[in-house]
Amino acid sequence: GRTLSYPPVFDDFAHVIGNRGIRYLFHPRIFLESEFSRSRPLPYLTFAFSYQLAGLSLSALRAWSLALHFLNAVMVGALFYRWFADDRKISWGVLAAAGLFLLHPLAADSVVYLSARGSLLVLFFILLALWIHSAELQSWLSYLGFWGCALGAFLSRESAAALLPL
């Protein structure tokens with residue numbers, strides 16, 4: 001309730017509230033109105049999609065971030081399960097890892113700050129890339145998926161290029 005409608009802070013005004021480009025979902029203006037959206041197009045596409053559905057509703061914008069954070073926790077659980085599936089007691093460990101990730105207070109800024117949406121997307125793409133890369137059977141499709149995730153991470157936040165060697 002109250003957390004979802006918390007007032008915008010810090011860069012939220014420049015990146016989201018005052019960014020007129022997010023008002024145009026399928027128009028080049030989304031990338032031309034703001035210098036930020038040119039280097040990080042995927043977060044701004046999610047802002048534009050949210051704007052089409054609910055305007056500048058802070059609750060709706062934060063609900064998207066909360067959903068991405070939850071999805072990242074699921075990905076952490078899936079990755080831990082894939083890595084440690086041979087152990088019979090893994091289900092409790094997977095739940096603990098995903099739950100700890102979901103509830104850890106360090107992740108709060110990614111959900112509360114609207115402008116941190118790129119961080120949530122980068123993490124999702126990196127976790128997905130790791131999950132694809134750790135598959136037992138590697139094929140050209142898995143390599144394509146891995147590089148697609150790397151591109152998605154880079155288009156979410158340019159600093160994701162530093163994580164590519166991972």
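The values are calculated or read from the model by the stated rules, or taken from the named source; none is laboratory data. All figures in this text were calculated on a predicted structure; none of them were measured in a lab. Backbone-built Cβ (ideal geometry, glycine too); neighbour counts: all protein chains shown. Ligands, DNA and RNA are excluded from the accessible area calculation, which covers all protein heavy atoms including side chains. Shrake-Rupley method; radii C 1.70, N 1.55, O 1.52, S 1.80 Å.
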query: With all protein chains present, how much of the accessible area of region 72-160 (probe radius 1.4 Å) comes from carbon and sulfur, to the nearest whole percent?
result: 72
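Sorting check: for 143-150, 63-70, 111-118, which peptide has the highest mean count of neighbouring beta carbons within 10 Å, and how do the rest follow?
Taking the mean over residues of other Cβ atoms within 10 Å, the ranking is 111-118, 63-70, 143-150.
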task: Mind giving me the nanometre distance, one decimal, between the label points for PHE84 and ALA54, set 7 Å out from Cα along Cα→Cβ?
output: 3.4
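How high is the relative contact order of region 61-166, given as a whole-number percent (alpha carbon pairs under 8 Å, six or more residues apart)?
On the way: 104 pairs, mean separation 30.0, N = 106.
Here the relative contact order equals 28 percent.
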field: Solvent-accessible area per residue for region 38-166 (1.4 angstrom probe, square angstrom)
entry: 58
- prompt: Cβ under 13 Å from SER65's Cβ, SER65 left aside: what net charge do those residues give with Lys, Arg +1 and Asp, Glu -1?
  reply: 0
